[in-house]
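> Handing you this structure, nothing more for now.
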Amino acid sequence: MKRFTDVHSLHALPDALQEALALKADPWAHASFGARKTLGLLFMNPSLRTRMSTQKAAALLGMDVMVLNAGSDSWTLETRDGVVMDGGATEHIKEAAAVMGQYCDILGVRTFAGLQDRDADYREDVMESFIRYAGVPVISLESATRHPLQSFADLITIETTKKVARPRVVLTWAPHPKALPQAVANSFVEWMRHAEVDLVVTHPHGYELAPEFVDGVHVEYDQDAALDGADYVYAKNWSSYTSYGQILSSDRSWTVTEEKMRRTNNARFMHCLPVRRNMIVTDGVLDGPSSIVIEQAGNRVVSAQTVLLQMLKAMP
Ligand code: CP
């Protein structure tokens, strides 16, 4: 595997899921498989879970890890091609990626959507540049349009907690004071479409996700109807795709409450974190027995370890 950027990066999702469950049961099973290999992690945006879980995953495989925060403890990066670099950016992504490839056997990159230029975001200009110039395998630590390590962890979480063979999984939009990318929602839909689940996506009008992700998916504009009988409720905010990057609604009636959870089939509550309490979800739900957000975050180690192991196995 030369790149891990979406669900299609894995050769066979069922096999990867089985490998993940085996690693979850025995995390040290391949404790020296990554010995003498170096993982570089470049963050162009903040992170708690991705940063720590990926470092932990690498340690479980015996890898060395180097972490760099672009712009604060390295140079500010220019990501556009062909520009006169007379602005704030000091180093071009072409050199930066290629140099990091000299030091690292695998490179992880986090780069969020700018939410200004939809075409550039959905072309994945920045992530694709790293893949083009790094010369080593690249793992997405969340890109403009997807968060595959999160979605893989979400799938592992559902697989290990489900009480029915084919659960009803509801992805619900919820309000947030800032404009957020669509990456987590896009990616969750992408991965759930490959899983043994019945997926429903619910959001206010104007928050339709990109057709490449939701064409053919059950979209329900009535949140209460969507939640009826749900086995999992996955809450997430995203800004509008059609009115790109805009906040079209702050409707607090979309906040996931205990009352709303009572409509479900004793559903488990999920969120990728960080979460805005009493905006996305009430304290009562988040602190209550239905919430599995901490276990979900714990599974970020498992998804990262599985991907790293597959990349290491594919190396000469
Ligand atoms: N869920 C997630 O990616 O968390 P961080 O942004 O803290 O890494």
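> Using a 1.4 Å probe and counting only protein heavy atoms, arrange 60, 21 so the residue with the most accessible area comes first.
21, 60
> Return a whole-number percent for the relative contact order of the chain, with Cα pairs under 8 Å and 6 or more residues apart as the contact set.
Averaging sequence separation for qualifying contacts and normalising by length gives 19 percent for the chain.
> Could you derive backbone 3J(HN,Hα) for the stretch 143-160 from the dihedral phi with the Karplus parameters 6.51, -1.76 and 1.60 (θ = phi - 60°), listing whole Hz in sequence and x where the residue is Gly or Pro?
My calculation for the stretch 143-160 gives 10, 4, 10, 8, 9, x, 5, 5, 5, 5, 5, 4, 5, 4, 5, 5, 4, 8 Hz in order.
> Pop a pseudo-label 7 angstrom from the Cα along the beta-carbon direction at both residue 252 and residue 132 and give the gap in nm to one decimal.
Placing both labels 7 Å beyond Cα along the Cβ direction yields 4.7 nm.
> Taking H as built 1.01 Å from N, whose amide H comes closer than 5 Å to the amide H of residue 92, not counting residues under 5 places away?
78
> Taking a cut-off of 20 Å between Cα atoms, list the aspartates and glutamates near residue 163, but don't count ones fewer than 8 places away on the same chain.
154, 196, 198, 228, 231, 295
> Give the ranking of 72, 290 by solvent-accessible surface, highest area first, calculated with a 1.4 Å probe.
The ranking, largest first, comes out as 72, 290.
> In addition: Give, as a single signed number, the net charge of other residues whose beta carbon lies under 15 Å from the beta carbon of residue 264, with Lys and Arg counted +1 and Asp and Glu -1.
Value of the local net charge: -1.
> Let me ask something else about it. With each label point set 7 Å from Cα along the Cα-Cβ vector, what nm distance links residue 26 and residue 117?
5.0 nm
> Leaving out same-chain residues fewer than 8 places away, which lysines sit with a Cα under 29 Å from that of residue 94?
2, 37, 56, 313
> Can you give me the relative contact order of the stretch 150-296 as a percent, contacts being Cα pairs under 8 Å and 6 or more apart?
Relative contact order of the stretch 150-296: 28 percent.
> Need one number: nm distance between label points at residue 295 and residue 273, each 7 Å from Cα along Cα→Cβ, rounded to one decimal.
Simple spin-label model gives 1.4 nm for this pair.
> Set the Förster radius R0 to 25 Å, insert the Cβ-Cβ distance between residue 76 and residue 99 as r into 1/(1 + (r/R0)^6), and round the FRET efficiency to 0.05.
Efficiency computed from Cβ-Cβ geometry: 0.95.
> I'd like the accessible area for residue 86: 1.4 Å probe, protein heavy atoms, all chains in place, Å² to the nearest 10.
Approximately 130 Å² for this residue.
> Moving on. Report the gain in length on full extension from residue 18 to residue 2: 0.36 nm times residue separation, minus Cα-Cα distance, nm rounded to one decimal.
Length gained, residue 18 through residue 2: 3.7 nm.
> Further question: Considering only C-alpha atoms, what is the centroid distance from the stretch 125-184 to the stretch 283-312, in Å?
Centre-to-centre distance over Cα atoms comes out at 12 Å.
> Now, a different point. Solvent-accessible area per residue for the chain at a 1.4 Å probe radius, Å²?
Accessible surface, normalised per residue, equals 43 Å².
> With charges set only on the Cβ (+1 for Lys and Arg, -1 for Asp and Glu), what does the dipole of the stretch 150-296 come to about its Cα centre, in debye to the nearest 20?
The calculation lands at about 300 debye.
> Under 5 Å between amide H atoms, partner at least 5 residues away or on a different chain: which partners does residue 264 have, H built in plane at 1.01 Å?
Close amide H contacts, sequence-distant or interchain: 229.
> Between residue 218 and residues 5 or more places away or on another chain, which pairs have amide H atoms under 5 Å apart, with H built 1.01 Å from N, and which residues are they?
Sorted by chain and number, the residues that satisfy this are 201.
> Given a 1.4 angstrom probe, I'd like the percentage of the accessible area of the stretch 150-296 that is carbon and sulfur, rounded to a whole number.
Here it works out to 46 percent.
> Length gain on complete extension for the stretch residue 35 to residue 224, per 0.36 nm per residue less the alpha carbon to alpha carbon distance?
In short, 63.0 nm is gained.
> Considering only C-alpha atoms, what is the centroid distance from the stretch 187-228 to the stretch 11-72, in Å?
Taking the Cα centre of each part, the stretch 187-228 and the stretch 11-72 sit 29 Å apart.
> Still on this structure, I have one more. Just to check I understand the Karplus step: with θ = phi - 60° and J = 6.51 cos²θ - 1.76 cosθ + 1.60, what whole-Hz values come out for the stretch 261-277, glycine and proline as x?
3J(HN,Hα) across the stretch 261-277, in whole Hz: 5, 5, 6, 8, 8, 6, 5, 7, 9, 10, 7, 6, 6, x, 10, 7, 5.
> Specify whether the C-alpha gyration tensor of the chain places it in the rounded, prolate or oblate class, a ≥ b ≥ c being the square roots of the eigenvalues: rounded for a/c under 1.5, otherwise prolate if a/b is larger than b/c and oblate if not.
Verdict is oblate for the chain.
> While we're looking at this one, here's another question. Calculate one ³J(HN,Hα) per residue across the stretch 86-100 by plugging θ = phi - 60° into the Karplus curve 6.51 cos²θ - 1.76 cosθ + 1.60, and present them in order as whole Hz with x for glycine and proline.
Values per residue, Gly and Pro as x: 9, x, x, 6, 9, 10, 7, 4, 4, 6, 4, 5, 5, 5, 4 Hz.
> Using a Cα-Cα cut-off of under 16 Å, which lysines could be cross-linked to residue 236, ignoring same-chain neighbours fewer than 8 residues away?
Partners found: 178, 260.
> Could you state how much accessible area residue 222 has, in square angstrom rounded to the nearest 10, with a 1.4 Å probe and all protein chains kept in place?
Ignoring ligands and nucleic acids, residue 222 comes out at about 80 Å².
The values are calculated or read from the model by the stated rules, or taken from the named source; none is laboratory data. These figures come from a predicted structure and were not determined experimentally. Heads up, the Cβs are rebuilt from the backbone with ideal geometry, glycines too, and the neighbour counts pull from every protein chain shown. Heads up: the accessible areas ignore ligands, DNA and RNA and are worked out on the full protein's heavy atoms, side chains in. Shrake-Rupley method; radii C 1.70, N 1.55, O 1.52, S 1.80 Å.
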